[in-house]
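Quick note: the coordinates plus some simple rules give every number you see, no bench work behind them. Here the structure is a predicted model, which is why all the values come from computation and not from measurement. Here the Cβ positions follow ideal geometry from the backbone for every residue, glycine too, while neighbour counts run over all protein chains shown.
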Amino acid sequence: MNNPQRQTNRSLTRRARYALLALLIGIAVTSPAWLIGRAGEKHHSEKHKGKNKGKKHHGTEYRWDLIHLTSQGTNTFLDAGGFDWAKASDGSQITLTGSGTWLTISGHETPQAVTGGGNWATLDESGTNSTGSGTYAVTGGVGFNVVPGNTPTAGTIDSIGSTDDSRSGLLILRVRYSDGEEGVLTVSCHGGGTAPETIFEGITATKGFVGYVDRGKPVGGVDANRTAFHVLAEGQVDDDDGDDDD
């Protein structure tokens, strides 16, 4: 996708889950007082939701990628399909590929309507023996903070989106691995430009009880451990559109 035209006032998909009824049915023995309390909470929630119905909020759709960053002559090329790695305390390693999208909606603390995933592979502490591999899928959003303003790297030929729509920031996602384990993926993008040096470039991840928190650092001339965020669309959305929290 080469420099896609940015969209505005895009209609964004409504996603919601309602689990309260199933929860109440599944409880065999329940205190009447507890039921009364829950009924009151539900009434309050529905009343509050009714007040917000029809309200509009600003929404921004983003894309995240683990990228290739390569150079040919005086040109630097940014492409999807790269990989990042991080290590656990014993030196064992996880390597990930991946990309996805999410919505940031004013009034919501967590990313909404998250998508994405990629491949994973793990190595033992020697770095030579495989301990597993497969795919992973994003299952939810934990948080996102963007650095205000545009942060393109000057001179980069960007095949994912417009450099004017590139951003730096910190994205935290919940993921599920193909072997059944769950974890958290943190994608951080410095991106060059005006981003402060406190922002790292790369990933950290957890898988089950293992924390791969020693990130692989980007090195000049090595095509690894780089990330990118792009704005895909901006517009007005209903209060409950894209809501993953209900």
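Points worth noting:
- 14 Å beta-carbon shell around Ser133, net charge (K/R +1, D/E -1): -2
- Global geometry of segment 56-238, whether rounded, prolate or oblate, following the gyration tensor of its Cα atoms and the 1.5 cut on a/c: oblate
- Cα-based values for segment 142-246, radius of gyration first and Dmax second, are 15.7, 46 Å.
- Label-zone membership for segment 97-120, site Ser178, 7 angstrom Cα→C-beta point, backbone N under 20 Å: 97-101, 115-120
- Shape of segment 112-156, Cα gyration tensor, a/c cut at 1.5: oblate
- GluC sites (Glu not before Pro) within segment 160-211, DSSP loop, no more than 14 other Cβ atoms inside 10 Å: Glu197
- Gain on full stretching of the segment that runs from Lys56 to Asp223 - 0.36 nm per residue minus C-alpha separation: 55.9 nm
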